[in-house]
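Asks: Sharing a structure, written as structure tokens. Questions coming.
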């Protein structure tokens, strides 16, 4: 598959897509100054995985220097934006000869994911996120890396990580603190409670709610509105806002990696994943 991956200068030839050798979880097309990213695992409710994170960063690399893209629209195929981490991704995907080594390996993997996510969250182009259906856990973390979020009226939001025995490992809680404050972030993260689109609008997770049938068209119109403005000015505005909003983020993300890694080697996490996959209650022992 060849993608029109743009140029760092006029006249560059399209190059082969960086995800073409594998199944595409995230598709990219360019249409009239808008780069359209589509999460495309509808049979899994766009469940997130290490490969999803790799592909998101790879797509960001394609977009970054593409002069034809002034705005990015991130949307999903199917009935959910992203229902969270793929429960088919068990704890033994990351291995180690001892619990200490396994914890270290998780720490380094989280740091790698954070470094690659940074490419997406700091794209020069603004990112508009169109959210339908479930936006849970990793899905909400990805959505929070966008600049403007529009929800369909069917959207549901949650941070359910504590209910499966893991921390919030990709900075979604930190971005929520910036956007909605510490109190609401604690309520969502410590309980795992789901909220609807109107509540998400009221507390500031999303900026607009529209009927789900109008979601993509509405978000695309917003992209077109931004794309009509001077691109260098738009990018400068994004940089300065993000510089203030994300001050201290790099140091905080390193702490997130260190804090989360032991959770992913715990007995609680292993039992939490099993119970969730089997749709049964779980009793955590704190070990």
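Asks: I'm checking my understanding of the structure. Among residues of region 133-157 that are over 14 Å from the mean Cα position of the chain (by Cα) and either part of a strand (DSSP E or B) or at negative phi (or both), which one is surrounded by the fewest Cβ atoms within 10 Å (Cβ to Cβ)? Let's see the steps before the verdict.
Replies: Keep residues of region 133-157 that are over 14 Å from the mean Cα position of the chain (by Cα), which gives 133, 150-156.
Right, trim to either part of a strand (DSSP E or B) or at negative phi (or both) and you get 150-156.
Numbers: 150: 28, 151: 30, 152: 23, 153: 16, 154: 18, 155: 28, 156: 20.
Step by step, filter region 133-157, then rank; the result is 153.
Asks: Out of curiosity, is residue 117 within 17 Å of the chain's Cα centre (by Cα) and outside any helix (DSSP H, G or I)?
Replies: For residue 117, the condition - within 17 Å of the chain's Cα centre (by Cα) and outside any helix (DSSP H, G or I) - is not met.
Asks: A further question on this structure: Looking at region 191-207, is at least one residue buried (at least 22 other Cβ atoms within 10 Å of the Cβ), more than 18 Å from residue 132 (Cα to Cα) and at pLDDT 95 or above?
Replies: Going residue by residue through region 191-207, those that are buried (at least 22 other Cβ atoms within 10 Å of the Cβ) are 197, 200, 205-206.
This time we only want the ones that are more than 18 Å from residue 132 (Cα to Cα), so: none.
Checked against the condition, which is being buried (at least 22 other Cβ atoms within 10 Å of the Cβ), more than 18 Å from residue 132 (Cα to Cα) and at pLDDT 95 or above, region 191-207 yields no hits at all.
Asks: Looking at (1) in a loop (DSSP other than H, G, I, E, B); (2) touching a strand residue (DSSP E or B) at 6+ places or on another chain (Cβ under 8 Å), can you tell me which one residue 229 breaks?
Replies: Against the list (1) in a loop (DSSP other than H, G, I, E, B); (2) touching a strand residue (DSSP E or B) at 6+ places or on another chain (Cβ under 8 Å), residue 229 comes up short only on (2).
Asks: Now, a different point. Looking at region 248-271, is at least one residue over 22 Å from the mean Cα position of the chain (by Cα), free of Cβ contacts under 8 Å to residues at least 40 places away in the same chain and farther than 25 Å from residue 111 by Cα?
Replies: Checking region 248-271: not a single residue is over 22 Å from the mean Cα position of the chain (by Cα), free of Cβ contacts under 8 Å to residues at least 40 places away in the same chain and farther than 25 Å from residue 111 by Cα.
Asks: Out of contact with any strand residue (DSSP E or B) (no Cβ under 9 Å at 6 or more places or on another chain), over 29 Å from residue 243 (Cα atoms) and either touching a residue at least 40 places away in the same chain (Cβ under 8 Å) or buried (at least 22 other Cβ atoms within 10 Å of the Cβ) (or both), is that true of residue 165?
Replies: On the way: out of contact with any strand residue (DSSP E or B) (no Cβ under 9 Å at 6 or more places or on another chain): yes; over 29 Å from residue 243 (Cα atoms): yes; either touching a residue at least 40 places away in the same chain (Cβ under 8 Å) or buried (at least 22 other Cβ atoms within 10 Å of the Cβ) (or both): yes.
It is true that residue 165 is out of contact with any strand residue (DSSP E or B) (no Cβ under 9 Å at 6 or more places or on another chain), over 29 Å from residue 243 (Cα atoms) and either touching a residue at least 40 places away in the same chain (Cβ under 8 Å) or buried (at least 22 other Cβ atoms within 10 Å of the Cβ) (or both).
Asks: Evaluate region 24-31: report whether one residue or more is closer than 20 Å to residue 220 by Cβ and surrounded by fewer than 16 Cβ atoms within 10 Å (Cβ to Cβ). Quick ask: steps written out before the conclusion?
Replies: Step one: filter region 24-31 for residues closer than 20 Å to residue 220 by Cβ, giving 26-31.
Pick out the ones that are also surrounded by fewer than 16 Cβ atoms within 10 Å (Cβ to Cβ) and you get 29, 31.
Looking for residues that are closer than 20 Å to residue 220 by Cβ and surrounded by fewer than 16 Cβ atoms within 10 Å (Cβ to Cβ), one finds at least one in region 24-31, hence yes.
Asks: Here is a further query. Do you know which residues across region 76-92 are crowded, with 21+ Cβ neighbours inside 10 Å and farther than 23 Å from residue 103 by Cβ?
Replies: Matches in region 76-92: 76, 80, 81, 82, 83.
Asks: Something else: Might you let me know whether region 95-117 holds any residue that is without any contact (Cβ under 8 Å) to a residue 60 or more places away in the chain, touching a helix residue (DSSP H, G or I) at 6+ places or on another chain (Cβ under 9 Å) and closer than 30 Å to residue 217 by Cα?
Replies: No, region 95-117 contains no residue that is without any contact (Cβ under 8 Å) to a residue 60 or more places away in the chain, touching a helix residue (DSSP H, G or I) at 6+ places or on another chain (Cβ under 9 Å) and closer than 30 Å to residue 217 by Cα.
Asks: For residue 172, are the conditions met, namely being modelled with pLDDT under 95 and closer than 21 Å to residue 39 by Cβ? Lay out the reasoning, then the answer.
Replies: Values: modelled with pLDDT under 95: yes; closer than 21 Å to residue 39 by Cβ: yes.
Judged against the criteria, residue 172 is a match.
Asks: Can you tell me how many residues within region 207-219 are in contact with a strand residue (DSSP E or B) (Cβ under 6 Å, 6 or more places away or on another chain) and either part of a helix (DSSP H, G or I) or more than 16 Å from residue 143 (Cβ to Cβ) (or both)?
Replies: The first filter runs over region 207-219 and keeps only residues in contact with a strand residue (DSSP E or B) (Cβ under 6 Å, 6 or more places away or on another chain), leaving 207-209, 212, 215-216, 218-219.
From what is left, the residues that are either part of a helix (DSSP H, G or I) or more than 16 Å from residue 143 (Cβ to Cβ) (or both) are 212, 215-216, 218-219.
Result for region 207-219: 5.
Asks: Another question, then. If residue 216 passes every condition in (1) closer than 30 Å to residue 103 by Cβ; (2) modelled with pLDDT of 90 or more but one, which one does it miss?
Replies: (1)
The values are calculated or read from the model by the stated rules, or taken from the named source; none is laboratory data. Since the structure is predicted, the reported quantities are computational estimates derived from the model, not experimental observations. Here Cβ is always computed from backbone atoms with ideal geometry, including for glycine, and neighbour counts include all displayed protein chains.
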